[in-house]
Amino acid sequence: MSHLIDAQALKHQLHQDAPLVIIDCRFDLGDPDLGRQQFTEGHIPGAVYADLNQDLSGPVVPGETGRHPLPNPDALCAKFESLGISNSQSVVVYDDAHGAFAARLWWLLRWLGHDRVQVLDGGLTAWLSEGGLLSQSLPAPKTGQFVRGDALTRTCPMQEVSAENAHLIDVRSEARFQGIDEPIDPIAGHIPGAINLPFQNNLQDGRFKAPEHLRAEFKAAGIGLEESVICYCGSGVTATHTLLALLEAGFAEPRLYPGSWSEWITDPQNSVARGDHGTK
């Protein structure tokens, strides 16, 4: 099964009245309340809302964690249940940022063993362009039954992050990678040995590129289908977008460095690289 679903297929599933949980993941790093406000103003019919800061991240510990630590697994299971998710149900997640935030929830579900989850390719824009309607109605609250299963994806703790035995991919913008511009974190630069493949490169006209195109581009960056890959970003969110793209392209399951750059720089012993070395 593809990790993506297009708007037409989602409309078909809704018309079939299939047991489906739809989750709106819209979020704005500069205005954390905007996503929920937008959800209230209009969302895909039947959708519920998940907030990146409140629902899809754990508590931030200044000087120790990144900006969006992974939630406690038990707390996350409870959150999934409150969203109406059961192990037997399919889940579709979407946002209005080309999947940048929705991919985080896609990854978290797979982290807890749930494989029946897809990202709406093109997000809300694709839904509207296909004639999809929006609703302001909230579905009746449902509590799911979600039991943690074996992880379908992998993490890499900070102590094991290295470009010596894996391809280390930084998915942030080229300016942030090079240390030219850092609008969010207090230190600019990148992890030594990383290559820069901005997650926006996974997209064409707001949707994921075809698998064969993604495969060719990742291979051109020197990545083999079965080689070890670690992805990171600023805080473990947009890196999941590239994890999804790698899987769609047929590569082996990559690892996520959840703390990413914002955790890396909390340890003064960690080296910081700057400049265009590794830029593709």
Q: Starting from the amide H of residue 255, placed 1.01 Å from N in the peptide plane, find each other amide H under 5 Å away whose residue is 5 or more places distant or on another chain.
A: 229, 230, 231
(Q) Explain nothing, just compute: Karplus ³J(HN,Hα) = 6.51 cos²θ - 1.76 cosθ + 1.60, θ = phi - 60°, for every residue of segment 176-191 in order, whole Hz, x for Gly and Pro. (A) 5, 4, 6, x, 6, 9, 9, x, 10, 9, x, 10, 9, x, 8, 6
(Q) Compute the distance from the alpha-carbon center of segment 138-199 to that of segment 44-110, in whole Å. (A) 15 Å
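Tell me the Kirkwood radius of segment 1-79: reciprocal of the mean inverse pair distance over distinct alpha-carbon atoms, in Å.
Working: mean 1/r = 0.0678 Å⁻¹.
Kirkwood hydrodynamic radius for segment 1-79: 14.8 Å.
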Q: For residue 66, enumerate residues with amide H under 5 Å from its amide H, sequence gap 5+ or separate chain, H modeled in the peptide plane.
A: 263
Q: Run through the DSSP bridge list for the chain and note the antiparallel percent, rounded to the nearest 5.
A: 15 percent
Q) How long, wide and thick is segment 194-280, going by the Cα atoms along their three principal axes, in whole angstroms, largest first? A) 41, 25, 23
(Q) How large is the direction-averaged shadow of the alpha-carbon convex hull of segment 187-242, in nm²? (A) 4.6 nm²
(Q) Rg/Rh for segment 132-280 to two decimals, with Rh computed the Kirkwood way over all alpha-carbon pairs. (A) 1.04
(Q) Please list, in order along segment 103-114, the HN-Hα scalar couplings obtained from phi with the Karplus expression 6.51 cos²θ - 1.76 cosθ + 1.60 (θ = phi - 60°), rounded to whole Hz, x for Gly and Pro. (A) 5, 4, 5, 3, 5, 4, 4, 5, 4, 9, x, 9
Q: Quick one: Debye curve from the alpha-carbon atoms of segment 60-128 only, equal weights, vacuum; give me log10 I(q)/I(0) at q = 0.13 Å⁻¹ to two decimals.
A: -0.43
**Q.** Kirkwood hydrodynamic radius over Cα pairs of segment 93-191, then Stokes diffusion coefficient at 37 °C and 0.692 mPa s, in µm²/s
**A.** 191 µm²/s
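Whole number please: convex hull volume per residue, Cα atoms of the chain, in Å³. Present the calculation step by step, with values, prior to reporting the outcome.
On the way: hull volume 34.8 nm³, N = 280.
It comes to 124 Å³ per residue, whole-number rounded.
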Q.
Among 58, 259, 131, which one shows the highest mean-square fluctuation when the chain is modelled as a Gaussian network with alpha-carbon springs under 10 Å?
A. 131
Q) Under a Cβ-Cβ cut-off of 10 Å, what is the net charge of the residues other than residue 207 that fall near it, where Lys and Arg count +1 and Asp and Glu count -1? A) -2
Q) Given a cut-off of under 8 Å on Cα pairs at least six residues apart, what relative contact order in percent is computed for the chain? A) 21 percent
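Mean residue ellipticity at 222 nm from the helices of the chain, using -39,500 (n - 2.57) per DSSP H segment of n ≥ 4 over the full residue count, to the nearest 500 deg cm²/dmol?
Values: 9 runs with 74 residues, N = 280.
-7000 deg cm²/dmol, from helical runs alone.
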Q: Could you pull out every residue, at least 5 positions away or on a different chain, whose amide H is within less than 5 Å of the one on residue 117? Hs are placed 1.01 Å off N in the peptide plane, and Pro or chain starts have none.
A: 91
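Values quoted throughout were computed directly from the atomic coordinates according to the rules given, and no laboratory measurement underlies them. All values reported here derive from a predicted model rather than from experimental measurement. In this analysis, Cβ positions are derived from the backbone assuming ideal geometry, glycine residues included, and neighbour counts consider all displayed protein chains.
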